[in-house]
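Working notes for the structure below.
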Amino acid sequence: MSESLTRICYDADPACRVHHTVGYADEYALMAQFHYDTSLILLLFLRGHGEIRIEGRLYSFGAGDMIILNPSELHRCTIAADEVFERISLHVSESITDGFATKDAGLFKFFYERERGIGNILRAERMREIGGDRLMRDILSHASGVGRADPILLRCKVIELLAAISEAADRGEPTNDSPRIENELILEILQYLNTHYTEDVSLSDIADKFYHSKYHVCHLFREQVGVTLGDYLVLRRIHLVNDLIRRGDPVSDACFAAGFKNYSNFFRLYKKHTGMTPQEFKNSIGK
């Protein structure tokens, strides 16, 4: 392997951070843990191939494909180690439209209202048809540029890309092919949890409901999803808290609406899983 892995991060604009990665996959890229992010992420693979697990579903991807991840989707990406890969990662927050006379006008609707684990892949052919590959390269160019107009053009190109994807979805054009489902039981449990996570739900409740032992559910869930069932519930509730904060709800109201019973416990778990406090998240989106 002659080409080492390099990552260049362009974070000058917190509303649209751009990362460019190229080289052979290192141990972290191969063994990445399941995780989630606090912003919308678009990943364009220019070279290489691999698999990504999202909410109990498995997608394969290759050169030219884009992966779409909203903030509430738990995922793990595995990249093949036998070839050079190149990836542009775009992290977008709602503040991307700040400063424009007209606000987002539903710009994020498709991305945030998709069913989790569905519609996550935009194949290379579709990317070319909507000009997505060109726009992603333009975004990287403006993110790394030093021209006076580059910061403005960067935001314009990001908005153009989001609009192109959203408009294709509005026309009913498919954005993905069917993902593989590795375990029907886990998929059913995830669907149940995603409907009832604000309620009092325990491992025992799930084991009884789906007629399996607690040990079997616990072991299989962690193997397929990447976290314990209890941590998954916490992550789901934290994402709802973030959605409510984005909507303008006070942090304390969001905490209890999401199913947390104790504010101190919520605060500790929020900081543990996100690396920031709820107030810091609120400040980051300009609310």
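Any read-out appearing in this document is the output of simple, stated calculations on the displayed coordinates, not a laboratory observation. What you see is a predicted model; the values in this text were computed from it and never measured. No Cβ is skipped: glycine too gets one built from the backbone with ideal geometry, and neighbour counts run over all protein chains shown.
Overview of results
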item: Radius 9 Å from Cβ of Phe45, net charge of other residues (Lys, Arg +1; Asp, Glu -1); result: 0
item: Ala63 long-range amide H proximity, modeled H, under 5 Å; result: Gly48
item: In nm, spacing of pseudo-spin labels at Cys156 and Tyr192 (7 Å Cα→C-beta vector); result: 5.3 nm
item: Structure-based [θ]222 nm, the chain - -39500 (n - 2.57) summed over DSSP H runs of at least 4, per residue, nearest 500; result: -13000 deg cm²/dmol
item: Percentage relative contact order, the chain, counting C-alpha pairs under 8 Å, at least six apart; result: 16 percent
item: Degrees, to the nearest 10: 150-170 long Cα axis against longest axis of the chain; result: 60 degrees
item: Tensor-based shape of the range 83-152 (alpha-carbon gyration tensor, a/c under 1.5 rounded, otherwise prolate or oblate); result: oblate
item: Folded to 0 to 90 degrees: helix 214-225 orientation relative to the chain principal axis, Cα; result: 0 degrees
item: Mean separation of Cα contacts under 8 Å (6+ apart) over length of the range 188-287, as relative contact order %; result: 24 percent
item: Difference of contour (0.36 nm per residue) and Cα-Cα distance, Thr277 to Leu185; result: 29.7 nm
item: Cα→Cβ-extended label distance, 7 Å offset, between Ala63 and Glu129, nm; result: 2.2 nm
